[in-house]
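Every number in this text was worked out from the coordinates using simple rules, so none of it is lab data. Bear in mind that the values here come from a model prediction, so they are computed numbers and not experimental data. Note that we place each Cβ from the backbone using ideal geometry, even for glycine, and neighbour counts take in every protein chain shown.
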Amino acid sequence: MKEDYQFFMETNVDEYIGQWVAICEKRIVSHGKDVKKVFREAKKACPGARPLVTRIPDKESMIF
């Protein structure tokens, strides 16, 4: 999961603002507004792995 977090920190996720994303094996495997659906899709894409699931905040909510 540490590598997936590092991938997340280094990746431009602007196209996913306001959505949930799931990262597994250093790639985005699912995204959308429904966190349960995103998690299910991620588990299918990476069986046996624990995906990193996080919400990309709206620009107004982002802290720099």
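Roughly how many debye, to the nearest 20, is the charge dipole of the chain about its Cα centre, given +1 on each Lys and Arg Cβ, -1 on each Asp and Glu Cβ, and no other charges?
My answer is approximately 420 debye.
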Distribution of pairwise C-alpha distances over the range 11-64, 5 Å bins, in %: 4, 23, 31, 21, 13, 6, 2, 0
Hey, what number do you get for the chain at 222 nm if only DSSP H runs of n ≥ 4 count, each worth -39500 (n - 2.57), divided across all residues, to the nearest 500? -9000 deg cm²/dmol
Give me the count of lysine pairs in the chain whose alpha carbons sit under 17 angstrom apart, restricted to pairs 8 or more positions apart or on different chains. 6
Just want the answer: with Cβ charges of +1 for Lys and Arg and -1 for Asp and Glu, which residue in PRO57, PRO47, ILE28 is farthest toward the dipole's positive end in the chain? PRO47
Quickly work out the GLU15-to-MET1 label distance, labels modelled 7 Å from Cα along the C-beta direction, and quote it in nm with one decimal. 2.7 nm
